[in-house]
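Each remark here refers to the structure printed beneath this line.
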Amino acid sequence: MTIEIQAVDWLIIALYFAAILGIGLYLRRFARTGDDFFLAGRRNSSWVAGLAFLSANLGALEILGWTGGTMKYGMFVSHFYWVGAIPAMLFLGLYMMPFYYSSRIHSVPGYLRLRFDERTRVLNAVSFAVMTLLMSGINLYLMALVFKVLLGWDWHVSMWVSAGAIAVYITLGGLMSAIFTEIVQFFLIWAGLFLVAALGIADLGGPAALLEGLPERMTHLWATAGSAGDNEMGITWMGIALGLGFVLSFGYWTTDFLVVQRAFSSRDLRSARLTPITASFFKMALPVVVVGAGLVAYRLHAQGLLPIPDDPTRPGQPWNDAALPLLIARYYPPGLVGLGVTALLAGFMAGQAGNVSAFNTVWTYDLYRVLIRRDASDAHLVWVGRVTTVVGILLSVATAYVAMRFNTIMDYIQAIFSWVNAPLFATMLLGMFWRGATSAGAFFGLIAGMLASFSIFLGFKLDVFGPGAARVLCFSEAPSDMARNLWQAWWAWVVCAGVTVAVSLVTPRKSDEDLRGLVKGLTPSPDDTRVSWARRPVTWALASLAVLIALNAWFW
Amino acid sequence: MSEVHGPSEDGQTPLPIWFFVGLILAAYGAILVAAAWLVEPPARVVAVTATPPGLWWGGGMAVLGVVFVWLGLRGRGK
């Protein structure tokens with residue numbers, strides 16, 4: 001089963017490649033210093049940084065995965081866009097950004113160096129670099145898989161052409177190129193994919209008719225979260241609130257350098273604080289595309305109008321991730337097919353470019369300059385950044401080939417996400433809001449949290465943990481993979497926080513003078529009173545929160 | 001929407017991202033409108049609206065693209 005691509009579709013795809021390579025070439029002359037190359041010159045408005053912040057997270061993997069996920073979990077998928085994202089984004093903007101931005105660091109590990117010590121920075125930099133490269137490789141592999149199965153494109157051509165294009169434009173323009181292409185991707189995704197959800201909903205008779213034809217378990221956010229058996233995800237409201245809404249969400253949105261780097265590129269503190277707040281409004285709108293298309297696919301599939309193929313990596317299981325491309329094939333005429341495919345292509349490529357631009361910064365500033373050449377000049381670091389981009393891309397391609405041969409490795413690689421981010425959030429939270437957190441506490445807490453997360457993952461993966469352990473760890477004897485993942489993040493956070501506090505109580509802490517500008521109580525609060533209320537971050541954060549509450553109440 | 005980037009060290013100012021977004025949307029919009037006129041949709045396509053979607057969606061994208069190009073050019077001078 002392949003989707004037919006006509007000449008006009010190829011024209012649209014070719015135009016996309018011409019545009020991103022042209023933008024890279026054009027921006028080359030503006031990427032001369034380290035700040036230019038790694039932080040886009042710290043000159044972006046909150047609109048630009050905000051859209052890039054969102055787009056860095058908005059990869060095609062997420063869109064395809066959650067559209068398919070909606071066919072399984074129903075409206076519960078919206079939790080990942082609403083309670084599982086918005087509070088963390090607002091918290092980052094209002095409370096954490098002043099510490100990040102005011103310390104003029106280049107990366108999140110850079111903050112760990114200032115607040116704690118070099119070993120904590122290196123531990124986090126190494127784990128982040130490995131995670132980023134592996135994720136980039138997986139992204140590349142899955143892109144080639146989707147295009148191979150659905151469009152009949154050759155594996156090797158898909159991977160090398162997209163990886164080559166990314167290498168060219170990031171090497172030329174650095175983060176600025178990545179941000180420009182991420183914003184282009186944002187508009188392409190809305191232009192190319194919103195219509196498929198809209199046409200599908202219209203085809204089924206409108207939004208009310210769509211919802212009326214769905215099972216009760218799929219149409220609520222909280223009403224079916226009282227017991228794990230009442231919803232398809234197999235999780236309670238507590239798991240959603242603690243695992244997703246608190247640990248995983250805050251761990252990702254407030255500490256993952258891939259997204260936070262976009263806020264660092266803002267031109268001033270107010271813009272940096274507004275970056276995630278601006279992004280939050282667009283984040284809340286995404287379920288229109290993702291969940292909308294997923295519910296349409298579920299209805300059509302139930303009526304026998306949308307046959308779902310077998311998963312190429314798990315024979316015998318339905319490949320729900322193919323739902324969105326299949327809807328494109330059903331509703332889009334030539335031209336629009338090209339736009340839809342370009343939107344997915346842009347999503348894959350921008351996701352990979354985001355990983356590579358974050359990797360080159362962390363490698364250059366937190367590993368190369370710390371472990372290899374401490375006296376490197378600014379020009380030398382820019383050169384290292386460019387070389388690292390090419391090396392990072394090649395390592396991603398190598399990872400993709402490994403995943404192609406041994407695709408069960410993907411389960412492990414994707415789990416790395418919660419090994420790294422969940423405990424790091426505990427370290428950051430204690431570091432920013434408690435003066436008593438010590439360097440030794442942070443280092444050993446981080447290691448303990450990562451080990452706890454890894455052990456729980458392996459315990460379930462290798463069937464060491466049975467129903468009894470599942471009841472203790474996940475409050476359910478048969479939790480879904482998703483529920484396990486959320487609870488695993490929670491326990492990693494608890495262990496990291498517990499060990500950090502315990503070790504900090506018996507080890508020496510830094511003086512207040514050393515912590516100035518890095519910890520609450522020793523950092524001046526941002527003074528918003530000089531700008532009108534309409535331009536204050538807190539005003540927009542409250543507006544965002546009101547929309548979030550309204551959406552949750554509406555779909556309760 | 002204000003400018004994307006201020007001047008670089010030698011005083012050069014990059015064109016705002018809105019300009020590039022506008023160019024791409026306008027070009028894609030024009031191609032979609034032309035395709036809706038010229039290319040017959042294959043039998044697999046389920047027609048939901050009376051007017052081909054490429055026509056009104058592409059038209060909307062083209063108009064939006066022109067607005068973004070104008071915003072981008074206007075923002076550069078500020």
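Against the list (1) open to solvent by 60 Å² or more (accessible area, probe 1.4 Å); (2) within 30 Å of A:Leu505 (Cα to Cα), the condition A:Leu473 fails is (1).
Against the conditions (1) touching a residue at least 12 places away in the same chain (Cβ under 8 Å); (2) surrounded by fewer than 19 Cβ atoms within 10 Å (Cβ to Cβ), A:Asp154 satisfies every one except (1). Per the conditions (1) open to solvent by 10 Å² or more (accessible area, probe 1.4 Å); (2) within 14 Å of A:Trp66 (Cβ to Cβ); (3) modelled with pLDDT under 85, the sole criterion not satisfied by A:Tyr298 is (3).
Listed by position, the helices (runs of 4 or more DSSP H) inside the range A:1-113 whose residues that are within 14 Å of another protein chain (Cβ to nearest Cβ) and hydrophobic (A, V, I, L, M, F, W, C) number at least 2 are A:7-27, A:34-39, A:46-57.
Return the residues of the range B:38-54 that are surrounded by fewer than 17 Cβ atoms within 10 Å (Cβ to Cβ) and within 10 Å of another protein chain (Cβ to nearest Cβ); say none if nothing qualifies. B:Leu38, B:Glu40, B:Pro42, B:Arg44, B:Val46, B:Ala47, B:Val48, B:Thr49 - these are the residues of the range B:38-54 that are surrounded by fewer than 17 Cβ atoms within 10 Å (Cβ to Cβ) and within 10 Å of another protein chain (Cβ to nearest Cβ). Taking the numbered list (1) of a type outside the set (Asp, Glu); (2) closer than 25 Å to A:Tyr16 by Cα; (3) open to solvent by 10 Å² or more (accessible area, probe 1.4 Å) in turn, A:Asn320 passes all entries but (2).
If you check B:Ile24 against the conditions, is it open to solvent by less than 40 Å² (accessible area, probe 1.4 Å), at pLDDT 90 or above and within 8 Å of another protein chain (Cβ to nearest Cβ)? Spelling it out, B:Ile24 is indeed open to solvent by less than 40 Å² (accessible area, probe 1.4 Å), at pLDDT 90 or above and within 8 Å of another protein chain (Cβ to nearest Cβ). Across the range A:322-365, the qualifying residues are those that are outside any helix (DSSP H, G or I) and closer than 23 Å to B:Val21 by Cβ, and the one among them that is nearest to the other protein chains (Cβ to nearest Cβ) is A:Gly335.
The residues of the range A:187-209 that are under 11 Å from A:Val296 (Cα atoms), assigned to a helix (DSSP H, G or I) and within 11 Å of another protein chain (Cβ to nearest Cβ), listed by number, are A:Val196, A:Ala198, A:Leu199, A:Gly200, A:Ile201, A:Ala202, A:Asp203. Please determine whether any residue of the range A:31-48 is under 21 Å from A:Phe282 (Cβ atoms), open to solvent by 10 Å² or more (accessible area, probe 1.4 Å) and in contact (Cβ under 8 Å) with a residue 40 or more places away in the chain. For the range A:31-48, residues under 21 Å from A:Phe282 (Cβ atoms), open to solvent by 10 Å² or more (accessible area, probe 1.4 Å) and in contact (Cβ under 8 Å) with a residue 40 or more places away in the chain: present.
Here's the yes/no breakdown for (1) under 24 Å from A:Ala85 (Cβ atoms); (2) surrounded by 14 or more Cβ atoms within 10 Å (Cβ to Cβ):
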position	(1), (2)
A:Ala448	no, yes
A:Val464	no, no
A:Leu486	yes, yes
A:Gly521	no, no
A:Pro526	yes, yes
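If you check every pair at least six apart or on different chains, which have Cβ atoms under 7 Å apart with a residue in the range A:312-323 that is touching a residue at least 12 places away in the same chain (Cβ under 8 Å) first and a residue that is aromatic (Phe, Trp, Tyr) second? Final answer for the pair search is A:Pro312/A:Trp319. Go through the residues of the range A:246-264 one by one and say whether even a single one is outside any helix (DSSP H, G or I), of a type in the set (S, T, N, Q) and at pLDDT 85 or above. No; the residues of the range A:246-264 include none that is outside any helix (DSSP H, G or I), of a type in the set (S, T, N, Q) and at pLDDT 85 or above.
If I filter the range A:379-391 for residues that are at pLDDT 85 or above, open to solvent by 40 Å² or more (accessible area, probe 1.4 Å) and either within 14 Å of chain B (Cβ to nearest Cβ) or not in a helix (DSSP H, G or I) (or both), do I get at least one hit? There is at least one residue in the range A:379-391 that is at pLDDT 85 or above, open to solvent by 40 Å² or more (accessible area, probe 1.4 Å) and either within 14 Å of chain B (Cβ to nearest Cβ) or not in a helix (DSSP H, G or I) (or both). Got at least one residue in the range A:144-154 being in contact with a Pro (Cβ under 6 Å, 6 or more places away or on another chain) and of a type in the set (A, V, I, L, M, F, W, C)? Within the range A:144-154, one or more residues are in contact with a Pro (Cβ under 6 Å, 6 or more places away or on another chain) and of a type in the set (A, V, I, L, M, F, W, C). Take the residues of the range B:27-37 that are facing chain A (nearest Cβ under 7 Å) and under 10 Å from the mean Cα position of the chain (by Cα): which is least open to solvent (accessible area, probe 1.4 Å)? This residue is B:Tyr28. Of note, A:Tyr252 does not satisfy the criterion of being touching a helix residue (DSSP H, G or I) at 6+ places or on another chain (Cβ under 9 Å), more than 30 Å from A:Leu92 (Cα to Cα) and of a type in the set (Phe, Trp, Tyr).
The values are calculated or read from the model by the stated rules, or taken from the named source; none is laboratory data. Since the model is a prediction, treat every value here as computed from it, not as a measurement. Positions of Cβ are generated from backbone atoms using ideal geometry, with glycine treated the same way; all protein chains shown enter the neighbour counts. For accessibility, only protein heavy atoms count, side chains too; no ligands or nucleic acids. Shrake-Rupley method; radii C 1.70, N 1.55, O 1.52, S 1.80 Å.
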